[in-house]
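Worksheet: the structure to be examined is printed underneath.
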Amino acid sequence: MDNPPEPQYTQAEAYAPMEAAAADAVAVLPDFPGFKERIWGELPATHNGIDVQGFTIVEITYVFSLPDSGTPLVRETYLDVLREHWTALGYRITRDAVKEKPDRVDRSLVAIRPDGIALWYWAAGYTVLRVQSGPVTASDHDAIEYLPPTGGVRPGGRYDKVGKYFPEGIPADPDVVDPFDSPDSYEDSL
Amino acid sequence: MSEMTWEHLRDLDCGAVRTLGDTWKTYIDQQLAHTERLRTDVIEGHLGTEHYESDTATQVRDQIGMTADRYEDDLSDYASTRIATTLLEAADAFEKEQNELKELVPLIEQHDFDIEGPHSEYDVNLSGGLHRAILTLNPPQWLCDMCGVKKPDGFWDIDTLKVLFDSVDLYGTAIGLAGQYQDWLRAVMSRAHDADDEAAAALAEMHENPAELPPHLGATYDDLVDDYKEGVTEEVADEAEAIADGTSGLSPEQVNQWWEGLSETERRALIDEHPEWVGPVDGIPTEARDTANRTVLDRDIDALDTRIAAEEQALQGLDPESDEYQNAKEALDGLKGDRNDLAGLQDRITNDDGTPRLAEGPEPQQPYYLLGFGTQDNGRAIVSIGNPDTADNVNTLVPGTTANLSGAGGLLHRAETMQSDAQLSSPHTSNATIAWLGYDAPDTIVPEAMQERWADGASEDLENFTEGLSATGREDTNHTLTGHSYGTTVIGHAATKEGVDADNLVFVASPGVGTDTASALGVDEDNVWATRNSLDPIHLTPDFLHGADPTGDDFGGNAYHSDTGAWNANNHSTYWDDTNMAGRETLADIATGQR
């Protein structure tokens, strides 16, 4: 099998800088309302036009709630702030687009870091911040370390969608629990 | 095989065929009133228990009830599902192609082309008059316009000389246009022949399987009635088996009607006792297929475990240096490979407690539905994220070269990404995305992906799959078929030869879709989309292999932009990468009806 060039990260190594990139973006957003959910996903990595096993692309998605997704602060101001921030950090802006639709205006901003990690802020039906790793060497799920989400998503909660990597459950760590966050259910607490 | 000519199709009174179908439906409703009368006026009326109470009376009531049941079943299975639905489906299919013909034939005539050749494969050629016009430097105005030359006014002037110098281009343009019309005509007739053959098969199969009636009352009644009742039960199983084998002649819509006509008990029994006849069948609702397929998947994995254990034991008694050992070892490795592939698929779509897993994605999270799988060839896997029967938007992804069951995980990742993008783009609609590895994909770019046979081999299955989605889904669902690479060729062949039930066709990184014109695809040209980034080497595919580049201006339809990744890398499969958010956004918009 013809493999892609040796990536900078393994899959297991990629999550930390990607999550840090998301946290860095959140840190510059004023009046941040919090994300609703985090999703860890993957895409097939390809080489010479063909999917190659043993490699993957990690995609982390942070989603604003639907009401927050529709506010000018989230759809427009944050995009302007991130454009300025990422540009100042020397990231390469590869997409900065506006798409008019009958009922809304979608915006899309993509910045690529020197290490190949891409950041995509997309204001569509939902507004999301996505972080993509580029091709990385696939890791066994056992080797992947749990990293608490940024932006107000409750670690290990219903909306922390990383469960397939941790079938035995999210590793318990009281330090990563946000004490002010509401639980998904009060069923066992009443 | 259908003998229908284009003239037959042009002149066919589709309304009469439809009226005939409607008449059968009306007839059925009238007949059902009779069985209802039998039950209310006879069984519960003047032969009711308040008038007659005896073993014989009970027997008579039962016999009449069974006759009414049988009559209703036959009305449903034959008069309605077979005859009326066949006629109505044929009328719809013929009318759709007839409308295309009504658009196409005038174009052929206006451009002075001739339709020639046998009905099985028409040619569209330049007429003698058009040849002469070009040769005498008097090309028609439309051809001058297409080539950007001024029509000569009859004198040997500069325009005449330009036409002389451009005559090769004029010929090439005229031949190219005739070729597009030829593709279109052949596609129209291929789909019409397919509809004709399918209707004939459905009706012929009815003729070959006359239904049994309840036994007559009399001395042997008690002996025969139990056999009859058992026969009725077996009949459902026989029908299910014939449908699964593909010998019933029923279309997915007819299969759906048959399924809906079964009692809940009959449906449950089929799923429990013969899941292999339920899971793969297009036209059976998704929930039932998923349940049945998961049962068969468990069973197949267990069976492979048993076979592997037996083969391993047999291997121990063989000389490791012998050919027999090598052959047995190879077979064993194959079994283990199949087992791993199936277990990988199962793990991906199933929780540890055996319940269907939810795909990771934005709210509301969607479960996986297993619509088909197999280990034949390089394997099959048809998995939906979200229920296509209830979704507003359904997008089916057809992968290309090297797609196989071992790599189904990557295919599913791509489908999950598309599902996620659709959900994020359109949160107020319900969306489903299907990974359709329902065919034997080419293993290699050269030579296999250069051949049409893989696409031709997939056409009927893809046609049936899309028809099944229409049969089990909602009427207003927006269906999209998205192909990547050779998957676009598969979609193109299915669309032109058999016809597909889809509102939108999307061709990503296409080597060609088997036709030179979007008009031949049987889908509104405005809803045909194609994209290729500027560094994708697929553009080097010559047109003679799989037809013209669908992103080209001459093809028709719409092209949309995709960005490239690294300049020094092959960009054929980077359409979902971080380098092509533009393409992903557009695909999500198409799939959710926002384009």
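The values are calculated or read from the model by the stated rules, or taken from the named source; none is laboratory data. Because the structure is predicted, anything quoted here is derived from the model rather than measured. FYI the Cβ positions are ideal-geometry reconstructions off the backbone, even for glycines, and counts take in every protein chain you see.
So is B:E241 surrounded by fewer than 19 Cβ atoms within 10 Å (Cβ to Cβ), in contact with a helix residue (DSSP H, G or I) (Cβ under 7 Å, 6 or more places away or on another chain) and either closer than 23 Å to B:G354 by Cα or among the hydrophobic types (A, V, I, L, M, F, W, C) (or both) or not?
When the stated conditions are applied, B:E241 does not pass them.
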Against the definition (surrounded by fewer than 24 Cβ atoms within 10 Å (Cβ to Cβ), within 26 Å of B:R339 (Cα to Cα) and in the same structural domain as B:D456 (by TED's automatic domain parsing)), how does B:T390 come out, yes or no? no
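Output yes when any residue across the stretch B:555-564 is under 30 Å from B:Q423 (Cα atoms), within 9 Å of chain A (Cβ to nearest Cβ) and touching a residue at least 12 places away in the same chain (Cβ under 8 Å), and no when none is.
yes
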Taking the stretch B:318-353 and keeping only residues that are outside any helix (DSSP H, G or I) and under 20 Å from B:G372 (Cβ atoms), one is left with B:T350
Matching residues in the stretch B:354-387 (part of a loop (DSSP other than H, G, I, E, B), over 20 Å from B:P399 (Cβ atoms) and touching a Ser or Thr at 6+ places or on another chain (Cβ under 7 Å)) number 3
Exactly one of B:A449, B:A432, B:A471, B:A441 is in contact with a Pro (Cβ under 7 Å, 6 or more places away or on another chain), assigned to a strand (DSSP E or B), assigned by TED's automatic domain parsing to the domain that holds B:P537 and touching a residue at least 24 places away in the same chain (Cβ under 8 Å), and that one is B:A432
Within the stretch B:387-411, restricting to residues that are at the interface with chain A (Cβ under 9 Å from one of its Cβ atoms) and of a type in the set (A, V, I, L, M, F, W, C), the one that is nearest to B:G492 (Cα to Cα) is B:A403
Picked from the stretch A:61-74 (must be at the interface with another protein chain (Cβ under 10 Å from one of its Cβ atoms) and assigned to a strand (DSSP E or B)), the residue farthest from the chain's Cα centre (by Cα) is A:V63
Flagged pairs (Cβ under 7 angstrom, 6 or more apart or on separate chains; first in the stretch B:569-586, more than 7 Å from chain A (Cβ to nearest Cβ); second among the aromatic types (F, W, Y) and buried (at least 23 other Cβ atoms within 10 Å of the Cβ)) are B:G583/B:Y575; B:R584/B:W576
task = Evaluate the stretch A:45-60: report whether one residue or more is within 14 Å of chain B (Cβ to nearest Cβ), within 16 Å of the chain's Cα centre (by Cα), surrounded by 18 or more Cβ atoms within 10 Å (Cβ to Cβ) and within 18 Å of A:A123 (Cβ to Cβ).
result = yes
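Tell me whether the stretch B:226-234 contains one or more residues that are modelled with pLDDT under 95 and among the hydrophobic types (A, V, I, L, M, F, W, C). Please lay out each step first, then the result.
Applying the first criterion (modelled with pLDDT under 95) to the stretch B:226-234 yields B:226-234.
Subsequent filtering for residues that are among the hydrophobic types (A, V, I, L, M, F, W, C) retains B:232.
Checking the stretch B:226-234: at least one residue is modelled with pLDDT under 95 and among the hydrophobic types (A, V, I, L, M, F, W, C).
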Quick count over the stretch B:389-410, residues being among the hydrophobic types (A, V, I, L, M, F, W, C) and either over 23 Å from B:D503 (Cα atoms) or more than 21 Å from the chain's Cα centre (by Cα) (or both), is 3
Of the residues in the stretch B:565-595, those that are outside any loop (DSSP other than H, G, I, E, B) and hydroxyl-bearing (S, T, Y) come to B:T579, B:T586
Q.
I'd like to know if the stretch B:466-478 contains one or more residues that are crowded, with 24+ Cβ neighbours inside 10 Å and small (G, A, S).
A. yes
Exercise for review: Could you tell me whether any residue of the stretch B:305-324 is surrounded by 15 or more Cβ atoms within 10 Å (Cβ to Cβ), over 30 Å from the mean Cα position of the chain (by Cα) and within 30 Å of B:D238 (Cβ to Cβ)?
Suggested key: yes
Within the stretch B:104-149, restricting to residues that are free of Cβ contacts under 8 Å to residues at least 40 places away in the same chain and charged (D, E, K, R), the one that is surrounded by the most Cβ atoms within 10 Å (Cβ to Cβ) is B:D112
Only one of (1) touching an Asp or Glu at 6+ places or on another chain (Cβ under 6 Å); (2) modelled with pLDDT of 85 or more does not apply to B:K150, and that is (2)
In the stretch B:412-438, residues that are away from chain A (no Cβ under 11 Å) and within 21 Å of the chain's Cα centre (by Cα) total 7
Subset of the stretch A:7-37, residues closer than 19 Å to B:E360 by Cβ and more than 10 Å from chain B (Cβ to nearest Cβ), comes to A:Q11, A:A12, A:A14, A:Y15, A:M18, A:E19, A:A22, A:F35
Of (1) at pLDDT 95 or above; (2) of a type in the set (D, E, K, R); (3) under 30 Å from the mean Cα position of the chain (by Cα), B:D114 fails just (3)
Being over 30 Å from B:M450 (Cβ atoms), surrounded by fewer than 15 Cβ atoms within 10 Å (Cβ to Cβ) and within 14 Å of another protein chain (Cβ to nearest Cβ) narrows B:N351, B:N327 down to just B:N351
Note on A:P7: of the conditions (1) of a type outside the set (G, A, S); (2) over 19 Å from A:H141 (Cα atoms); (3) not in a helix (DSSP H, G or I), unmet is (2)
Taking the stretch B:18-71 and keeping only residues that are in a loop (DSSP other than H, G, I, E, B) and either charged (D, E, K, R) or not assigned by TED's automatic domain parsing to the domain that holds B:F94 (or both), one is left with B:E50, B:E53
Checked pairs for the stretch B:293-320, first assigned by TED's automatic domain parsing to the domain that holds B:Y368 and within 14 Å of B:D338 (Cβ to Cβ), second assigned to a helix (DSSP H, G or I) and modelled with pLDDT of 95 or more, C-beta under 6 Å and 6 or more apart or across chains, list as none
Exactly one of B:A288, B:A303 is closer than 17 Å to B:N464 by Cβ and in a helix (DSSP H, G or I), and that residue is B:A288
Restricting the stretch B:482-500 to residues that are hydrophobic (A, V, I, L, M, F, W, C) and within 24 Å of B:Q257 (Cβ to Cβ), the one surrounded by the fewest Cβ atoms within 10 Å (Cβ to Cβ) turns out to be B:V500
